[in-house]
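**Student:** Structure incoming, see below.
The values are calculated or read from the model by the stated rules, or taken from the named source; none is laboratory data. The structure displayed is predicted, hence computed values, not measured ones. With ideal geometry, Cβ positions are generated from the backbone for all residues, glycine too; neighbour counts draw on all protein chains shown. Ligands, DNA and RNA are stripped out before the accessible areas are found, and what is left, the full protein with its side chains, is counted by its heavy atoms. Shrake-Rupley method; radii C 1.70, N 1.55, O 1.52, S 1.80 Å.
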Amino acid sequence: MGFLRIRTTVDERPGRLASLAAALAEKGGNILGLSVQPDTDGTVDEFVTDIPASPDAVREALEAAGGRRVQVVPATAHELTDEPTRVLLLAARLRSMPWRLPEILGDLLRADDARWVYGADPARPRGGAEGVELPDPTLLLVPVAPRRAIRLRRSGLPFTLTEAARAAALVRLAQPPVEAAMPEGPVRLADGTEVLIRPLTTLYREALRDLHERCSPETRRFRYFTSMPTLPPRVFDRLCDRSRGHSIVAGHDGQVVAVASLMFTPDPGIAEIAFLVEDRWQGRGLGSAMAGMLLREARDLGFAEVRATLLFDNVRMRRLLTSLGATITQTEDPGVVEARIAVGVMASASPK
């Protein structure tokens with residue numbers, strides 16, 4: 001038959017991809033391209049193949065190998081281009097011609113149609129039996145601004161969650177850079193106490209010094225790996241430098257009772273997080289609330305992962321980070337562990 005684009009959903013189990021590849025090989029297929037995309041009920045595997053078998057025969061073979069919702073459509077040699085190179089070329093085109101965003105989004109997702117839609121809620125379905133209509137998987141609506149979006153249609157292959165994320169990322173590239181707003185506002189803890197969260201500025205120099213002096217040596221050791229009795233001026237200045245990171249403080253009754261920092265690192269896409277919470281405020285949910293704020297900010301700033309380095313015996317912090325979805329791993333130092341949080345997954349969690 002020639003070139004085919006094949007997509008199927010499989011359960012996330014070891015060996016599933018190998019089974020699908022073997023089924024295509026049995027039909028004489030040569031896999032020329034492969035994409036693996038997570039989805040709501042499994043993994044979507046997409047192949048571009050040169051295969052002599054008919055679409056029906058290919059579909060039956062993949063279903064027998066464990067594939068679900070198998071879809072087979074014709075492909076062209078143009079689709080064999082290196083995918084990262086193709087996306088980078090589209091991004092360069094968008095930077096020079098942002099007004100052609102619908103066309104470029106259509107090329108990105110190989111859509112049959114891409115156009116602007118306007119209105120209060122352009123995504124709202126109309127009609128349908130008894131006033132109920134299921135979403136059309138062959139239609140993707142990509143928000144660009146309030147009351148404005150781009151509607152993409154593609155027959156044959158429904159859009160996946162991964163493709164929707166790619167489209168949203170390309171839209172952000174076309175928009176002017178906007179500095180993420182620092183988290184700020186009152187937070188009510190589980191016991192009903194209300195604290196005020198604000199960005200750290202040089203105005204808090206004395207208040208932060210007082211916080212350090214009120215903290216126990218163990219609390220300071222957990223934060224700095226040494227019982228630092230006072231905060232050196234250079235460390236305070238670094239925490240206030242917004243080109244190196246973003247820090248927030250929690251206040252109650254005129255005192256700063258906690259500080260949390262999101263610091264940038266030389267590694268692209270990775271930030272580090274750290275906390276200092278006064279002893280009498282520990283275990284009350286304040287650290288979790290501040291962590292949730294910083295994780296959402298990390299997402300808005302475009303970070304993919306947030307990490308924290310902590311002492312192994314810092315049990316309270318290990319529990320907090322684990323509750324946020326962190327993976328804890330050992331380091332070369334047996335007394336130190338590293339926590340890693342995938343921002344795209346966890347930053348949407350509501351603060352506790």
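Rundown of residues vs (1) within 24 Å of ASP82 (Cα to Cα); (2) modelled with pLDDT of 90 or more; (3) out of contact with any Lys or Arg (no Cβ under 7 Å at 6 or more places or on another chain), yes/no style:
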residue: ALA23; (1), (2), (3): no, yes, yes
residue: GLU26; (1), (2), (3): no, yes, yes
residue: LEU32; (1), (2), (3): yes, no, yes
residue: VAL36; (1), (2), (3): yes, no, yes
residue: ASP41; (1), (2), (3): no, no, yes
residue: GLU46; (1), (2), (3): yes, no, no
residue: ASP56; (1), (2), (3): no, yes, yes
residue: GLU60; (1), (2), (3): no, yes, yes
residue: GLU63; (1), (2), (3): no, yes, yes
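**Student:** Counting just the residues of segment 215-253 that are touching a residue at least 60 places away in the same chain (Cβ under 8 Å) and small (Gly, Ala, Ser), which one comes out nearest to ASN314 (Cα to Cα)?
**Tutor:** Pass one, segment 215-253, residues touching a residue at least 60 places away in the same chain (Cβ under 8 Å): 215-216, 219, 221-222, 225, 246, 248, 250.
From what's left, small (Gly, Ala, Ser): 216, 250.
On the way: SER216: 14, ALA250: 21 Å.
If we take residues in segment 215-253 being touching a residue at least 60 places away in the same chain (Cβ under 8 Å) and small (Gly, Ala, Ser), then SER216 is nearest to ASN314 (Cα to Cα).
**Student:** Shifting gears a bit: Give me the strands (runs of 3 or more DSSP E) completely within segment 1-108, filtered to those with at least 1 residues that are open to solvent by less than 50 Å² (accessible area, probe 1.4 Å) and of a type in the set (Gly, Ala, Ser), ordered by residue number. Even if it seems obvious, please write down each step before you answer.
**Tutor:** Details: elements: 2-10, 30-39, 42-51, 68-74.
Fully inside segment 1-108 and qualifying: 2-10, 30-39, 42-51.
**Student:** When you scan segment 226-251, how many residues do you find that are outside any helix (DSSP H, G or I), farther than 20 Å from ILE270 by Cβ and touching a strand residue (DSSP E or B) at 6+ places or on another chain (Cβ under 8 Å)?
**Tutor:** Taking segment 226-251 first, the residues outside any helix (DSSP H, G or I) are 226-232, 241-251.
Adding the requirement that they be farther than 20 Å from ILE270 by Cβ leaves 226-232, 249-251.
Imposing the further condition that a residue be touching a strand residue (DSSP E or B) at 6+ places or on another chain (Cβ under 8 Å) reduces the set to 249-251.
Of the residues in that region, 3 qualify.
**Student:** Still on this structure: Output the residues belonging to segment 155-175 that are part of a loop (DSSP other than H, G, I, E, B) and in contact with a Leu (Cβ under 6 Å, 6 or more places away or on another chain).
**Tutor:** Residues of segment 155-175 part of a loop (DSSP other than H, G, I, E, B): 155-160, 175.
Result: PHE159, single match.
**Student:** May I pose another question? Check off (1) at pLDDT below 85; (2) open to solvent by 90 Å² or more (accessible area, probe 1.4 Å) for GLY185 and give me the number that stays unchecked.
**Tutor:** So GLY185 meets the others, but not (2).
**Student:** Please pick out the residue among PRO266, PRO334 that is without any contact (Cβ under 8 Å) to a residue 12 or more places away in the chain and more than 14 Å from the chain's Cα centre (by Cα).
**Tutor:** Values: PRO334 fails: without any contact (Cβ under 8 Å) to a residue 12 or more places away in the chain.
Answer to the selection: PRO266.
The rows are residues; the columns are (1) over 25 Å from THR138 (Cα atoms); (2) touching a residue at least 24 places away in the same chain (Cβ under 8 Å); (3) β-branched (Val, Ile, Thr); (4) in contact with a helix residue (DSSP H, G or I) (Cβ under 7 Å, 6 or more places away or on another chain).
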| residue | (1), (2), (3), (4) |
| --- | --- |
| PHE3 | no, yes, no, yes |
| LEU17 | no, yes, no, no |
| LEU20 | no, yes, no, yes |
| LYS27 | yes, yes, no, yes |
| ASP56 | no, no, no, no |
| ARG69 | no, yes, no, no |
| VAL73 | no, yes, yes, no |
| GLU79 | no, yes, no, no |
| GLU83 | no, yes, no, no |
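**Student:** Kindly list the number of the only condition in (1) open to solvent by 30 Å² or more (accessible area, probe 1.4 Å); (2) under 13 Å from ARG205 (Cβ atoms); (3) aromatic (Phe, Trp, Tyr) that fails for PHE236.
**Tutor:** Condition (1) is where PHE236 drops out.
**Student:** Across segment 284-315, which residue is nearest to ARG172 (Cα to Cα) among those that are free of Cβ contacts under 8 Å to residues at least 40 places away in the same chain and in a helix (DSSP H, G or I)?
**Tutor:** Selected residue: GLY287.
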